[in-house]
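A.B. asks: Attaching a single structure in structure tokens format; questions to follow.
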Amino acid sequence: MKLVFAGTPEVAVPALDALIASDRHEVAAVVTRPDAPAGRGRRLIASPVAERAEEAGIEVLKPARPRDEEFLARLREIAPDCCPVVAYGALLPKVALAVPARGWVNLHFSLLPAWRGAAPVQHAVMAGDEVTGASTFLIEEGLDSGPVYGVLTEEVRPTDTSGDLLTRLAFAGAGLLAATMDGIEDGTLHAVQQPAEGVTLAPKITVEDAQVQWSAPALRVDRVVRGCTPAPGAWTLFRGERLKLVQAVPVLDRTDLAPGELAVGKNNVYAGTGSHAVELLWVQPQGKKRMRAADWARGVRIVHGELLGL
């Protein structure tokens, strides 16, 4: 099939690579979000997908909105058979959905209908799911509600951050998306409607969602820290400034600390929760680089009984 691939961040690059490497399909063009300011100088930077496509000599389309007539006209000129999508980052209007004969097929990082929305992996980690996965489905106007072509499952490991899990799913999902294209092309794969039961939503995680509540149980604190790593980053307050929590692990045998109360050993920093304590391993003070929590604690000279979160 002739394909137009739509995607933007680094997580979409493995799928693009898999389709470029396929001897059955031609990636005729790539659709990605416009260049965005980044870094201290706020220079405009092309998306990872755009950079990879340019390296491969593939035409790159960067519409401000996918309903722009210039973009739609070029899409019609290319006349793709199918448009595979991974984390493109913009809603596709009905007029764009109608262009490819075999539709737009999205690789979504959950076992649909669970975790429909922008942040399925983060929500799976924060909810304590033991198994998640990826799905390919035909895009409709509803939110991740289209019929499903294929799925794969992936264990959520006890120490996984959302970044760890998303990286594994990106590479496994690349194979799933390529196989889905093969099955659509040869007619052996047919989409099946999602069940009406089991729908959960995964909206974007906000900075407010990432604030640690020390009155919650330690397992919840652990899940929030892992689910919000690397972005947007779990955080708390310390002496009126934000302190990002990069890694914290539950300590099941310590229950003597009040929620948010700090205790410092020679090489350990503990914080109380609503159940047992967590050990802070890595933190990032406001305006500074990440550091070991023990080094941070020595530098700020924590007072006995001092609290996080106030």
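The values are calculated or read from the model by the stated rules, or taken from the named source; none is laboratory data. Note that this is a predicted model, so its numbers are computed, not measured. Positions of Cβ are generated from backbone atoms using ideal geometry, with glycine treated the same way; all protein chains shown enter the neighbour counts. All accessible areas refer to the heavy atoms of the entire protein, side chains included, with ligands and DNA or RNA removed. Shrake-Rupley method; radii C 1.70, N 1.55, O 1.52, S 1.80 Å.
A.B. asks: Quick one: what pairs do we get from segment 125-138, first residue under 28 Å from residue 189 (Cα atoms), second basic (Lys, Arg) and surrounded by fewer than 23 Cβ atoms within 10 Å (Cβ to Cβ), C-beta under 9 Å, 6+ apart or different chains?
C.D. replies: Taking only residues 6 or more apart or on different chains, the pairs are 138/102.
A.B. asks: Let me ask something else. Somewhere in segment 253-267, is a residue in contact with a Leu (Cβ under 6 Å, 6 or more places away or on another chain), of a type outside the set (Lys, Arg), under 18 Å from residue 161 (Cβ atoms) and assigned to a loop (DSSP other than H, G, I, E, B)?
C.D. replies: No, because not a single residue in segment 253-267 is in contact with a Leu (Cβ under 6 Å, 6 or more places away or on another chain), of a type outside the set (Lys, Arg), under 18 Å from residue 161 (Cβ atoms) and assigned to a loop (DSSP other than H, G, I, E, B).
A.B. asks: Among (1) within 24 Å of residue 95 (Cα to Cα); (2) at pLDDT below 95; (3) not charged (D, E, K, R), where does residue 38 come up short?
C.D. replies: (1)
A.B. asks: On to the next question. Hey, can you tell me all the residues within segment 206-215 that are open to solvent by 20 Å² or more (accessible area, probe 1.4 Å) and in a loop (DSSP other than H, G, I, E, B)?
C.D. replies: 206, 207, 208, 209, 213, 215
A.B. asks: Within the bounds of segment 139-152, is there any residue that is under 18 Å from the mean Cα position of the chain (by Cα) and free of Cβ contacts under 8 Å to residues at least 24 places away in the same chain?
C.D. replies: Within segment 139-152, not a single residue is under 18 Å from the mean Cα position of the chain (by Cα) and free of Cβ contacts under 8 Å to residues at least 24 places away in the same chain.
A.B. asks: Continuing with the same structure: Restricting to strands (runs of 3 or more DSSP E) lying wholly in segment 1-103: which have 3 or more residues that are farther than 17 Å from residue 185 by Cβ?
C.D. replies: It comes to 26-31, 36-38, 43-45, 59-61.
A.B. asks: Would you mind finding the one in 199, 278 that is at pLDDT 95 or above, in a strand (DSSP E or B) and not charged (D, E, K, R)?
C.D. replies: After ruling out the rest, the residue left standing is 278.
A.B. asks: Residues of segment 115-130 being open to solvent by 30 Å² or more (accessible area, probe 1.4 Å) and closer than 16 Å to residue 198 by Cβ, which ones?
C.D. replies: 115, 116, 123, 127, 129, 130
A.B. asks: Considering segment 252-291 alone, what residues qualify as being of a type in the set (A, V, I, L, M, F, W, C), crowded, with 17+ Cβ neighbours inside 10 Å and within 20 Å of residue 228 (Cα to Cα)?
C.D. replies: Answer for segment 252-291, where residues must be of a type in the set (A, V, I, L, M, F, W, C), crowded, with 17+ Cβ neighbours inside 10 Å and within 20 Å of residue 228 (Cα to Cα): 271, 277, 278, 280, 282, 283.
A.B. asks: Can you give me the number of residues within segment 207-222 that are touching a strand residue (DSSP E or B) at 6+ places or on another chain (Cβ under 8 Å) and among the polar types (S, T, N, Q)?
C.D. replies: Adding up the residues that qualify gives 1.
A.B. asks: Residue by residue through segment 1-49, note down the ones that are surrounded by 23 or more Cβ atoms within 10 Å (Cβ to Cβ) and either out of contact with any helix residue (DSSP H, G or I) (no Cβ under 9 Å at 6 or more places or on another chain) or of a type in the set (Phe, Trp, Tyr) (or both).
C.D. replies: Within segment 1-49, just 5 meets the criteria.
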